[in-house]
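Quick notes on the structure that follows.
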Amino acid sequence: MYCKIEPTGCCERKGLVQIRLCFYLDTDDYGYEKHHIQVPDFTDAKYDGKVDKQGNPVDLVDYQKWIDSLPKVWQNNPFHNHFIYVEPDTSEKEIMKLAEAYLHEAGVKWSCDEKIDCKNYGVSFYQNVSKDRLTACNNKVATVKAIKAEVKA
């Protein structure tokens, strides 16, 4: 199993840097088939049916038929997502160590069919966030979003 940072879940939150960790299964991991699924391929697809002012399909039955007619692609979905919160001066190495620890915890629970309920201990959000701290957090968020490294269990 492995962990990747999901950039869409990274942001400043109450004076800390929020980081979304996505945990994935390898082909030989328990339960891999539960999260390796086929999904419609929307690449270059365009729905030609009637839509309302917001672009939503008017005829949902017709829209579903269109979706069902699209080619399928295999997709590996995360078996668990977890958010961590770090100070803006936290190093990439420290972030990846946290990711590894949470991946291990989630992986053990997953393989034992237990509820995955990883806890963030010692997180204290700030009540008043200064402009300097906000800037530092947002700068770190940009750095974190660029991390492509994966952690393996």
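Dividing the Cα convex hull volume of the chain by residue count, how many Å³ per residue is that?
Working: hull volume 26.7 nm³, N = 153.
Normalising the Cα hull of the chain by residue number yields 175 Å³.
Would you kindly calculate the translational diffusion coefficient of the range 78-146, applying Stokes-Einstein with the Kirkwood radius from alpha carbon pairs, for 4 °C and a viscosity of 1.567 mPa s, and quote it in µm² s⁻¹ without decimals?
Details: Rh = 13.9 Å.
This corresponds to a translational diffusion coefficient of 93 µm²/s.
So what are the ³J(HN,Hα) numbers for the range 39-56, from phi and the Karplus equation (6.51, -1.76, 1.60; θ = phi - 60°), rounded to whole Hz, Gly and Pro as x?
Couplings: 9, x, 8, 8, 4, 6, 7, 9, 6, 9, x, 5, 10, 7, 4, 8, x, 7 Hz.
Percent relative contact order of the range 35-74, based on C-alpha pairs within less than 8 angstrom and at least six residues apart? Write down the numbers at each step before the final one.
Numbers: 34 pairs, mean separation 22.8, N = 40.
Relative contact order of the range 35-74: 57 percent.
Given the -39500 (n - 2.57) contribution per DSSP H run of 4+ residues, what per-residue ellipticity at 222 nm results for the chain, rounded to the nearest 500 deg cm²/dmol? Don't jump to the answer; show the numbers that get you there.
On the way: 4 runs with 49 residues, N = 153.
Counting only the DSSP helices, I get -10000 deg cm²/dmol.
How would you order 40-50, 103-113 from highest to lowest mean count of nearby Cβ atoms within 10 Å? List each step's numbers first, then the result.
Details: 40-50: 10.3, 103-113: 16.3.
Result, highest mean Cβ count within 10 Å first: 103-113, 40-50.
Any idea what the dipole of the range 35-74 comes to, in debye rounded to 20, about its Cα centre with Lys/Arg Cβ at +1 and Asp/Glu Cβ at -1?
Values: 5 positive and 7 negative charges, 10 e Å.
Roughly 60 debye for the range 35-74.
Measuring from a point 7 Å past the Cα of HIS36 along Cα-to-C-beta, which residues in the range 63-97 have an amide N at less than 14 Å?
Only 74-79 pass the distance filter.
In 10 Å bins starting at zero, report the fraction of Cα pairs in the range 35-74 per bin as a rounded %.
Answer for the range 35-74: a P(r) of 29, 47, 21, 3 percent.
Cut-off is 10 Å between beta-carbons; in what order do CYS137, CYS3 appear when sorted fewest neighbours first? Each step should come with its number before you reach the end.
Numbers: CYS137 23, CYS3 27.
Ranked by crowding around the Cβ, least crowded first: CYS137, CYS3.
When only DSSP loop residues count, what GluC sites (Glu not before Pro) in the range 1-92 have their Cβ near at most 13 other Cβ atoms within 10 Å? Please list the in-between numbers first.
Values: sites: GLU12, GLU33, GLU92; in loops: none.
Answer by residue number: there is no such site.
Dipole magnitude of the chain about its Cα centre, charges +1 at Lys/Arg Cβ and -1 at Asp/Glu Cβ only, in debye to the nearest 20?
For this selection, approximately 580 debye.
FYI, it's all coordinate maths here, none of it is from the lab. These numbers come from a predicted model, not from an experiment. Reconstructed Cβ throughout: ideal geometry from the backbone, glycine too, with neighbour counts over all protein chains shown.
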